[in-house]
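First comes the structure, then the notes that go with it.
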Ligand SMILES: Nc1ncnc2c1ncn2[C@@H]1O[C@H](COP(=O)(O)OP(=O)(O)OP(=O)(O)O)[C@@H](O)[C@H]1O
């Protein structure tokens with residue numbers, strides 16, 4: 001079983017994940033749903049040891065502590081990741097891509113058996129072993145990516161938005177294939193935007209909002225939940241936003257309620273707002289949000305609504321507006337003289353200002369493989 005307990009991830013000052021707890025058993029499909037930037041990919045990256053941020057909490061696979069282990073060791077323990085964008089080697093053949101997946105110690109011995117298993121799962125790949133992957137369709141490349149991850153003989157397979165960029169038909173095929181991966185006894189943890197198809201094959205699901213796991217339930221219950229339907233399944237999206245909002249309670253932690261915002265929002269055309277001042281638009285937006293809040297389901301006694309006061313919102317937006325006005329007023333950049341072009345950090349003159357500190361997070365390293373001269377395999381450079 002893969003267990004994440006109270007996992008928190010920070011990129012500098014930014015908390016991308018806060019006290020997230022997620023479990024996946026062998027032979028189970030678990031889906032993670034959430035809006036863009038909620039922290040879904042961060043959760044998968046933290047589990048796989050490739051997160052650029054600082055990870056705290058507990059991550060265990062079959063009792064082994066994964067936190068702090070390098071990514072290749074995590075693959076050895078039995079966790080494989082199919083990253084967003086697939087990460088296949090487009091210039092290599094199907095067989096070469098798959099062979100690279102069996103690099104981990106746990107996979108090398110059984111490489112032949114695992115390859116057969118992948119070919120049984122994706123018969124198309126066995127017919128195309130020599131095809132260069134970059135020439136394949138998106139759906140076929142996704143099969144290669146999943147096949148390659150399967151070659152590491154994982155206990156748990158994690159996938160970041162596997163249906164991204166696939167047609168509805170190919171997505172359907174992909175999810176059917178994942179259901180077959182589950183039948184092999186492998187646990188599947190996936191982040192997906194396609195809530196409908198992923199919940200249809202999943203056993204359980206988690207909702208992540210603003211870096212927190214806010215709800216967890218069986219896939220069947222999630223599909224029936226009106227809030228999930230409105231936010232992720234597009235049910236009732238023709239209704240006005242205020243009517244389709246719903247409130248779901250975090251089980252038993254007893255303090256907060258959260259609101260899943262449906263994707264459909266009332267929008268105005270550019271013509272309708274042309275010529276109106278920002279202050280005017282802010283006032284209109286805050287009065288709309290007040291009336292929308294008034295129509296929402298009343299809270300029960302043990303729930304607390306988190307509401308941003310409209311005066312704070314207006315103040316923040318006014319600050320943004322004045323910043324934008326100041327930026328517009330700023331003089332256009334001039335050609336720099338030699339003296340001006342000295343970076344502030346090196347400029348020792350009394351009027352020099354300190355350089356701003358910008359934090360940049362990068363993946364720790366890139367591994368490069370070289371094809372062996374006989375063409376039969378690869379070696380790490
Ligand atoms: N390397 C990084 N450095 C700094 N901030 C990051 C980094 N990676 C992600 N973030 C920030 O962390 C937050 C969560 O990002 P994450 O990619 O986990 O979101 P997500 O839920 O997967 O979104 P999406 O569905 O758009 O992929 C975002 O605000 C993002 O900007």
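The values are calculated or read from the model by the stated rules, or taken from the named source; none is laboratory data. Because the structure is a prediction, the values reported are computed rather than measured. Here the Cβ is made from the backbone with ideal geometry for all residues, glycine too, and neighbour counts use every protein chain on show.
Some points to look at:
- Scope segment 74-115; condition within 16 Å of the ligand (Cβ to nearest atom) and touching a strand residue (DSSP E or B) at 6+ places or on another chain (Cβ under 7 Å); matching residues: 81, 82, 83, 84
- Which listed residue, of 137, 171, 198, is closer than 26 Å to residue 39 by Cα and modelled with pLDDT under 90: 171
- Any hit, segment 15-22, residues being closer than 19 Å to residue 214 by Cα, within 12 Å of the ligand (Cβ to nearest atom) and out of contact with any helix residue (DSSP H, G or I) (no Cβ under 8 Å at 6 or more places or on another chain): yes
- Within segment 197-218, if we keep just the residues that are within 25 Å of residue 16 (Cβ to Cβ) and away from the ligand (no atom under 16 Å from the Cβ), the residue that is surrounded by the most Cβ atoms within 10 Å (Cβ to Cβ) turns out to be 202.
- Of all residues in segment 52-62, those being within 16 Å of the ligand (Cβ to nearest atom), surrounded by fewer than 24 Cβ atoms within 10 Å (Cβ to Cβ) and without any contact (Cβ under 8 Å) to a residue 60 or more places away in the chain number 4.
- Checking residue 78 against (1) at negative phi; (2) in contact (Cβ under 8 Å) with a residue 40 or more places away in the chain; (3) surrounded by 19 or more Cβ atoms within 10 Å (Cβ to Cβ); (4) over 19 Å from the mean Cα position of the chain (by Cα), the condition it does not meet: (1)
- Filter result (within 10 Å of the ligand (Cβ to nearest atom) and more than 25 Å from residue 177 (Cβ to Cβ)) within segment 41-51: 42, 46, 51
- Residue in segment 26-40 that is near the ligand (Cβ under 8 Å from one of its atoms) and free of Cβ contacts under 8 Å to residues at least 24 places away in the same chain present: yes
- Residue match in segment 63-73 (condition: under 30 Å from residue 131 (Cβ atoms) and away from the ligand (no atom under 16 Å from the Cβ)): yes
- The residues of segment 183-196 that are away from the ligand (no atom under 16 Å from the Cβ) and crowded, with 19+ Cβ neighbours inside 10 Å, listed by number, are 186, 187, 188.
- Failed condition for residue 163, given (1) closer than 21 Å to residue 83 by Cα; (2) within 16 Å of the ligand (Cβ to nearest atom); (3) touching a strand residue (DSSP E or B) at 6+ places or on another chain (Cβ under 6 Å): (3)
- Against the list (1) under 30 Å from residue 129 (Cβ atoms); (2) crowded, with 17+ Cβ neighbours inside 10 Å, the condition residue 27 fails is (2).
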